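What follows is a short report on a single structure.
All of the numbers you see were taken from the coordinates with simple rules; none came from a lab. This one's a predicted model, so the numbers in the text were calculated from it and none came from an experiment. Here Cβ is always computed from backbone atoms with ideal geometry, including for glycine, and neighbour counts include all displayed protein chains.
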Amino acid sequence: MLWERCFDKEFGVLKNHPQYYKFLPIDKLLQHGESSYYQIVMGLFFVGNSEVINSRIIGLLNTYLSKEVFEEIIIFIWNTFPNKNIKLQVFNILLDRENNNESDLLLVNKSGYPNFSFKVDDYHAEFSLAIYYLTKRDFSKAEHSLFRLLLSGHATIEVFNAIATIASYKFLFEDARRINRFAFHFLGQESISWRKGRLFSTNIINSVYTKDIKGALIDLIVSFNLNINNVELCSNLNILSKREIGLLDIKKAALLSLTKSEIKIGYSKSNSFYRASILEYLEDYDGAIKIIEELLVQDIKNPKFILFLAKLYISNGDFEKAKIVLEFLLAHKRKKHFYVEALKNSIIMNDYKWAIELLENAESQKITVPDIYYRKIYLGQGKIKDSYLSFRNMKINKTLSHIFKDKYIQTLNVVKANESLFVIACFGPGDEIRFASLYSKLIENFSLSNIAITCDPRLYGLLQRSYNKINFIPVARIRDYKLLNSFENYNQLPSSDLNSILDNVGWNTSLKYQKVMLVTDFLGDILLDRDSFNGRAYLYPDLTRKEYWQQRILDISKGKKVVGISWRSSVVTKVRNEHYLTIEMLKPLLALDDYIFINLQYDDCVTELQWADKHFPNKIVNFEDLDQFNDLENVAALMSCLDFIISPATTVAELAGALGVSTFLLSNSSELHWRKKNQDIDIWYNSLVHIEGDQVGDKNSLVNNLMLSIGRFVR
């Protein structure tokens, strides 16, 4: 078929050879079910890449597009280009089409009306304008500029990717995927590999959201072969693949396959780097370090190798070596991701003096590092107010300011006494519980009478019971759309990326209020210094549920201490694992006589519980009829019946502290040091006591010190 010639290298970029549009299978490309947005984009593309615009082109669109899509394209042409001659010709072509039968539409009207074309004088100016409006979440204006570019023949990969981004913001994930795939296959040669890899990275997410695991895997393979760093996109497929076809070690397979191909090519540096990447993934840090150190002997100034070596040292616990490497790297080249890696290491090392130097150095170079590092470092230095003010510089803040405009505020000081305020909770349930301890101050200190606050539906009963003067709005915040079967609870959002803070109910409720803010926005108004924390419990369990769990605990305790236990978060990553333990590390604890432990892990921990039961039979009780992830009302009631709780800094510890239950908080990071008061009491909750190792990161001494603290507690 002639259209297949479009893939031949000698034809180059499609936009440089517009005559080859005629080889494309127009009927197949345009007829994609309900993907009307995709059809509009393709229609504008074909018009813009035609040598001339005449009745044949209009006829083709009229044949293959739905009536609604066809009319939308014609109306766009009519409204966009003010030239009266163009409008007259469009009108006459349409009139001519009305008087012809369908078969005639495929014929070229050689004697028809004069040909005409469209023109955008400055591509870069128009595209920059489109991106500006896209950033502002003004999708209609962004589309207008992007569609003008398509219509004038500027069908670049950037234009298509921007249009696909708008489609995804509108929940049109299938359309976004088709648009990006078309752009890659027919325009991909114009862009360097990393940009094509980025295009496919967004497509992987779109494929996952539409539950097309095959498409997602294909996109991943292409993206990975374009850019090795895109191997990190494997995580987007993990949940979906586990649910649909079983858990696949996609990342390992990708790295191994590429290494094999590199062996055939025999490119030693690249091959060695990929080998080191595999060893890192397999947590053989010593082996990976050896390879990279050998590479640096050959190429001592290669920043890619130097940065990777620093990351390997950090993963291997060699923080001082990592610092030396990172300081060497920053002395020769200053890049944002170099600073970020150095800041991570400074926090792990509890070296906040170095951290401040890094921040100041980055600022002097006009390099902006993520706001989270300001927050962590300011807290580490005891700068409470400055830290919590940094929450106002998050990306989501800018998005909300674009969407709500003047309604969105970032300080309570501008709310008038008679104005209604809608506060949007954010982050996970643990953060929400911690920040909810400040809700009473909204009424006491700022005299707010008409206030509504969103909440995780799982916390609704607990919060409404504790704060009966506040109207709580249950909102199902989600990290992403991977596990949803439909978007019906979110499809009214003005932008799909608001899913982490709102659903349809939250959005529609927010429209009824005069002012809107994030819960993190008011933290800087309330938390001024260490005296701003009262540490009191504020959540109250349901009494009926508490009585029920008291009886169940009585039935199993048999005179022993009953202790709640959790050892990690449900979200497990290499970075987060720094804070957590494994069940095997708790051997000394499980070996204690006169104790019964209640499992408070709220995710899939069957394998870990099986290990515990094998080595310490019947020592950990797991209430299988309790949904610990979703039923926080019963979890809270159960916690309130326990003698004490052991947990790292997760939702378990936050909920226990809010309930006033005695808790040993396992602290394995310098990030928690600022929270300690006298006698290691937690600054947020008086019932929490921090337990640390002899040095940061030493988990063995952490467990030993936990055992000593338990001994002192029960005496």
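So here's what we get for this one:
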quantity	calculated
Cα shape, segment 370-486, gyration tensor, a/c 1.5 rule	rounded
Violating pairs (Cα-Cα greater than 23 angstrom) within the set K304/K344; K546/K699; K587/K619; K344/K441	K546/K699; K344/K441
Bins of 10 Å from zero: percent of alpha-carbon pairs in segment 452-569	10, 27, 30, 23, 9, 1
Over segment 543-714, volume per residue of the alpha carbon convex hull, in Å³	113 Å³
Under 20 Å from K560, Cα to Cα: aspartates and glutamates that are on another chain or at least 8 residues apart	E547, D593, D594, D613, D643
Cβ crowding within 10 Å averaged over residues, with 448-456, 177-185 ranked highest first	177-185, 448-456
In range of the label at I556: residues from segment 675-693 whose backbone nitrogen is under 12 Å from the point 7 Å along Cα→Cβ	none
Per-q log10 I(q)/I(0), segment 267-369, q = 0.13, 0.19 Å⁻¹ (Debye; single scatterer per alpha-carbon; no solvent)	-0.46, -0.91
Given K136/K407; K321/K353; K395/K482; K405/K482; K321/K676; K136/K353, the pairs whose alpha carbons are separated by over 26 Å	K405/K482; K321/K676; K136/K353
Residues R465, R545, sorted so that the one with the fewest Cβ neighbours within 10 Å comes first	R465, R545
Spatially proximal aspartates and glutamates relative to K416 (Cα-Cα < 17 Å; intrachain offsets below 8 disregarded)	D406, E444, D521, D525
Reachable aspartates and glutamates from K211, criterion Cα separation under 16 angstrom, eight or more residues apart if same chain	E174, D175, D219, E244, D480, E488
